[in-house]
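Every number here is computed from the coordinates shown, using simple stated rules; none is lab data. Worth saying up front: this structure is predicted, and the values here are computed from it rather than measured. We place every Cβ from the backbone using ideal geometry, glycine too, and count neighbours over all the protein chains shown.
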Amino acid sequence: MNYEIKDISLADRGKMRIEWARSMMPVLRLIEERFHKEKPLREIRIAACLHITSETANLVKALKEGGANVFLCASNPLSTQDEVAASLVKDYGISVFAIRGEDKKTYYEHIHSVLKIEPQITMDDGADLVSTIHSEKRDFPIIGGTEETTTGVIRLRSMANEGVLRYPIIAVNDANTKHLFDNRYGTGQSTIDGILRATNMLLAGSTFVVCGYGWCGKGIAMRARGMGARVIICEVDPLKALEAVMDGYLVMPLKEASSLGNIFITSTGDKGVIREEHFKEMRNGAIVANAGHFNVEIDLDGLERLSIRKRKIRESVEEFTLKDGRKINLISEGRLVNLSSAEGHPSLVMDMSFANQALSCEYLIKKGGNLERRVYSVPSEIDKKVAKLKLESMGIEIDELTEEQKIYLSSWKIGT
Ligand code: NAI
């Protein structure tokens, strides 16, 4: 069996983490049980490029129970849980290629390692597998792929628009049972968790600046406010900015917010959001972090240029000293703070995201290559099924439409 991980002796700890996560992933457990009986993914080769966490381990286990042969690499150099990688190899027989803190060269070597199996399905978080396959013109037959996050979906849509996408992709991120919960409540909670673990900062009474009021930004702002921070939103989209105003936040350009904030967090999927002009205005001791997919939201070169010194002051905090003596603290090298400084999203929310992944994978195989080369939404029956199973797992019942209501809601003739 091929693999490259940090240390196989970490497996026992990893196994317990995987089991802990499993206890909080009831929907995925149900899918795994069915996959075990029906083997819908029999002998399918899957290359997965995902954050190597205990939740991902449970997804991979479910796919394996379905009959698939899964090769796994990391979708971010800093998010790998080495003990989980070790257990996946030792206890579950999965080929994993990921080491926390790997450099860029190793990161891409690991992507190449999983592509060696010539996957029939790719599973991405950020579209690195798809973009490698396309930029290197790899031409093995592929049934389809799935994409986990907003940034990946944007990249894939632009490939589809340019007519270069070689195979169909299901945008798992666009499922309601994914982004409404994972991006909002998952990123909201785990980003705060990452900032707190990294800094032990008191949020109450602080001024907390959130750049980007999309699904992730909404969650982060909501949770920061809940802990007593004064929250400022910076946006470029008038509609989102208006929404933030009516949600009760202060809204202003980042240039203005720069001199007010104690903590700055980016969640835009854009690049160069916090730049030199902003660092120049920041208060001494400001904390800067990113929750967006790539480490390009904070202009790290700009920060280096303004600085005369930098040192690692805490496990995942670098302190930059500017020429005038002010200090700016950067968490996790500007990489996803919730996965680098904490454990990523709670299992209970990843349960839904990964249920969508597993069912979308099954759907791709059922369609057997009959889809077009474009980006598809998750079929609404899958989305609804995940919501229904999740509610059931929580012991929550809801009302049903009566026959009379069904007729009323589908008719235009009944006005009163
Ligand atoms: P979204 O599209 O819902 O929101 C992004 C928002 O940022 C939009 O409202 C947009 O107008 C705004 N924006 C873009 N450029 C901006 C700029 N220069 N200044 C201020 N605002 C700007 O996207 P979503 O789902 O919130 O995702 C955001 C990023 O977070 C993506 O990179 C996504 O892949 C990533 N993500 C990270 C997760 C994590 O675990 N940390 C989980 C899910 C998504």
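The table for this structure:
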item	result
The range 272-309 versus the range 337-373: alpha-carbon centroid distance in Å	32
By average C-beta atoms within 10 angstrom, highest first, the peptides 30-43, 253-266, 327-340	327-340, 253-266, 30-43
Using θ = phi - 60° and Karplus 6.51 cos²θ - 1.76 cosθ + 1.60, couplings along the range 173-186 (whole Hz; Gly, Pro as x)	4, 7, 5, 4, 6, 9, 5, 5, 10, 4, 5, 7, 6, x
Cα gyration tensor shape for the range 221-346, rounded if a/c is under 1.5, else prolate or oblate	prolate
Calculated [θ] (222 nm, deg cm²/dmol) that DSSP helices of n ≥ 4 give over the chain, each run adding -39,500 (n - 2.57)	-12500 deg cm²/dmol
Ratio of the Cα radius of gyration of the range 72-122 to 2.2 N^0.38 Å, where N counts its residues	1.10
VAL209 long-range amide H proximity, modeled H, under 5 Å	ILE232, ASN262, ILE263, PHE264, ILE265
Compactness of the range 109-266 as Cα Rg over 2.2 N^0.38 Å, two decimals	1.26
Stretch gain in nm, segment ILE407-ILE313, where the contour uses 0.36 nm per residue and the Cα spacing is subtracted	27.3 nm
Sum of side-chain charges, GLU297 neighbourhood, beta-carbon under 9 Å (Lys, Arg +1; Asp, Glu -1)	-1
Rough spin-label spacing in nm, given labels placed 7 Å along Cα→Cβ, for GLU304 and ASN176	4.6
Stretch gain in nm, segment PHE294-SER131, where the contour uses 0.36 nm per residue and the Cα spacing is subtracted	57.2 nm
Cross-link pairs LYS39/LYS388; LYS271/LYS310; LYS240/LYS385 - those with Cα-Cα distance over 25 Å	LYS240/LYS385
Two-decimal log10 I(q)/I(0) for the range 29-109, as the Debye equation yields it once each C-alpha is a single scatterer, q = 0.11, 0.21, 0.26 Å⁻¹	-0.28, -0.88, -1.19
Nitroxide proxy distance, nm - points 7 Å out along Cα→Cβ at LYS280 and SER23	5.4
Amide H contacts of GLY144 (H built 1.01 Å from N, under 5 Å, at least 5 apart or other chain)	THR122
Inter-part distance where the range 12-38 and the range 383-400 are each reduced to a Cα centre, Å	19
Cα point-scatterer Debye curve for the chain, base-10 log of I(q)/I(0) at q = 0.07, 0.10, 0.12, 0.13 Å⁻¹	-0.35, -0.70, -0.99, -1.13
Cα Rg, Dmax (largest Cα-Cα span) when computed across the range 334-416, Å	19.0, 57
Fraction of alpha-carbon pairs over 18 Å apart in the range 186-232 - percent	17
Calculated FRET efficiency for the pair ILE414/ASP91, C-beta based, R₀ 41 Å, to 0.05	0.10
Residues of the range 50-69 with amide N under 17 Å of the 7 Å Cα→Cβ point at MET16	54-55
The range 147-304: relative contact order as a whole-number percent, Cα under 8 Å and 6+ apart	19
Coil-residue trypsin sites (Lys or Arg not before Pro) of the range 119-225, DSSP, other Cβ within 10 Å capped at 11	LYS137
Paired Rg and Dmax values of the range 181-295, which use every Cα atom, in angstrom	12.6, 36
Descending semi-axes in whole angstrom, ellipsoid equivalent of the range 1-152, from the Cα gyration tensor	22, 19, 13
Likely footprinting exposure, TYR107, TYR249, fewest C-beta neighbours within 10 Å first	TYR107, TYR249
